[in-house]
Amino acid sequence: MSDLILTTHEASECTVITVAGELDLASRPALEDATCRAMAAGSSLRLDMSGVTFMDSSGLNFLLILRRRLVDGGSRLELTGVREVPMRVLTLTGADEVLLPSRTEAGG
């Protein structure tokens, strides 16, 4: 079983969830619960991914769904601190262009 450690706090402009561990099928429900609570507050969401050491397609799928839900609700998703392994998943799938638009606009 994968362990995921989540810490949530309110910043002035958004809710920040710090994510550490492996983001995969086993840990996805914990992140879903945390983001649902944050979305209920109606603010934008920042995921600090600096502690995420692994991400599979289930984690990627969740991030894409989460982004769509936030955008549809008039909010936004910001990912920060994405490390090498999760970044490789984002880059290989082209999801970096959707989930990290400021990175691709700046030339990568």
**Study point:** Pick from the range 38-69, criterion in a loop (DSSP other than H, G, I, E, B) and not aliphatic (A, V, I, L, M), ranking: surrounded by the fewest Cβ atoms within 10 Å (Cβ to Cβ)
**Key:** GLY42
Check your understanding: When you look at LEU23, is it surrounded by 12 or more Cβ atoms within 10 Å (Cβ to Cβ) and closer than 15 Å to VAL82 by Cα, yes or no?
Key -> yes
Review point. What number goes with the only condition from (1) outside any helix (DSSP H, G or I); (2) over 20 Å from GLU97 (Cβ atoms); (3) of a type outside the set (S, T, N, Q); (4) in contact with a Ser or Thr (Cβ under 7 Å, 6 or more places away or on another chain) that VAL19 does not pass?
Key: (4)
Exercise for review: Looking at (1) in contact with a strand residue (DSSP E or B) (Cβ under 9 Å, 6 or more places away or on another chain); (2) farther than 19 Å from LEU99 by Cβ; (3) without any contact (Cβ under 8 Å) to a residue 40 or more places away in the chain, find the lone condition where LEU45 falls short.
Suggested key: (2)
Review point. Looking at ASP72, ASP96, ASP33, which one is surrounded by fewer than 19 Cβ atoms within 10 Å (Cβ to Cβ), of a type in the set (D, E, K, R) and either within 17 Å of LEU4 (Cβ to Cβ) or in contact with a Lys or Arg (Cβ under 7 Å, 6 or more places away or on another chain) (or both)?
Key: ASP33
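Computed from the coordinates by the stated procedures, all read-outs in this text should not be read as laboratory data. Small disclaimer: the values here were computed from a predicted structure and weren't measured. So basically every Cβ, Gly included, is an ideal-geometry build from the backbone, and we count neighbours across all protein chains shown.
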